[in-house]
Amino acid sequence: MKRKSKAQSLSRRLIALSLTWLALTVVFFGIGLVCFNPWPDYRLAKSNLPTEGRVTALEPDNHQIVRYTYRVGPQEYAGSGHGGQGNPAFKDITVGQSVIVYYDPTRPTVSTLGSPASPLFGNVLGVIFVTLLPPIFVIWTLYRMGYFR
């Protein structure tokens with residue numbers, strides 16, 4: 001009898017651990033989607049049109065941000081991004097320089113400087129990071145506190 005109760009106790013702990021991990025993963029997945037919001041970048045990577053943009057400002061002390069403008073029909077839009085990804089590196093860009101901008105034809109206000117795949121990749125990695133690492137840390141902390149022993 002004693003052996004069966006140990007097996008049942010282990011089984012209950014594993015179920016509790018699994019359900020806790022699943023709940024935390026779902027919660028942190030939602031947090032990751034809200035924080036990183038990959039949907040605009042996904043739509044842009046799926047459907048985009050290239051156009052020529054002009055660099056309007058460089059911000060070396062602000063994560064090397066490149067500010068630019070571009071035209072879609074008669075309307076002018078503005079955006080910000082980083083060098084590279086089909087454009088020169090930040091150190092090689094000057095104000096007034098022509099750059100490649102990709103925009104969403106259904107929502108021209110959504111654009112990216114250079115390849116549209118790069119921001120999507122970064123945002124998806126962010127969602128994965130937030131989905132997996134915090135629940136692992138919480139489970140480890142709860143285990144160390146004796147909740148699953």
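The values are calculated or read from the model by the stated rules, or taken from the named source; none is laboratory data. Model, not experiment: these values are computed from the prediction. We place every Cβ from the backbone using ideal geometry, glycine too, and count neighbours over all the protein chains shown. Areas reflect the complete protein model, heavy atoms only, side chains present, ligands, DNA and RNA absent. Shrake-Rupley method; radii C 1.70, N 1.55, O 1.52, S 1.80 Å.
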**Asked** Out of all the residues in the stretch 10-58, which are within 26 Å of Leu120 (Cα to Cα), among the hydroxyl-bearing types (Ser, Thr, Tyr) and either open to solvent by 50 Å² or more (accessible area, probe 1.4 Å) or modelled with pLDDT under 95 (or both)?
**Response** Tyr42, Ser47, Thr56
**Item:** Elements of type strands (runs of 3 or more DSSP E) in the stretch 60-149, at least 2 residues being open to solvent by less than 70 Å² (accessible area, probe 1.4 Å) and of a type in the set (Gly, Ala, Ser)
**Value:** 75-81
**Message:** Being out of contact with any strand residue (DSSP E or B) (no Cβ under 8 Å at 6 or more places or on another chain) and either β-branched (Val, Ile, Thr) or on the phi > 0 side of the Ramachandran plot (or both) is the filter here; which residues of the stretch 41-63 pass it?
**Reply:** His63
**Request:** Spot the failing condition for Ile139; the list is (1) among the β-branched types (Val, Ile, Thr); (2) farther than 29 Å from Gly30 by Cβ; (3) touching a Phe, Trp or Tyr at 6+ places or on another chain (Cβ under 7 Å), and only one is missed.
**Result:** (2)
**Request:** Confirm whether Gly114 is touching a residue at least 24 places away in the same chain (Cβ under 8 Å) and either more than 21 Å from Asp41 (Cα to Cα) or not acidic (Asp, Glu) (or both).
**Result:** yes
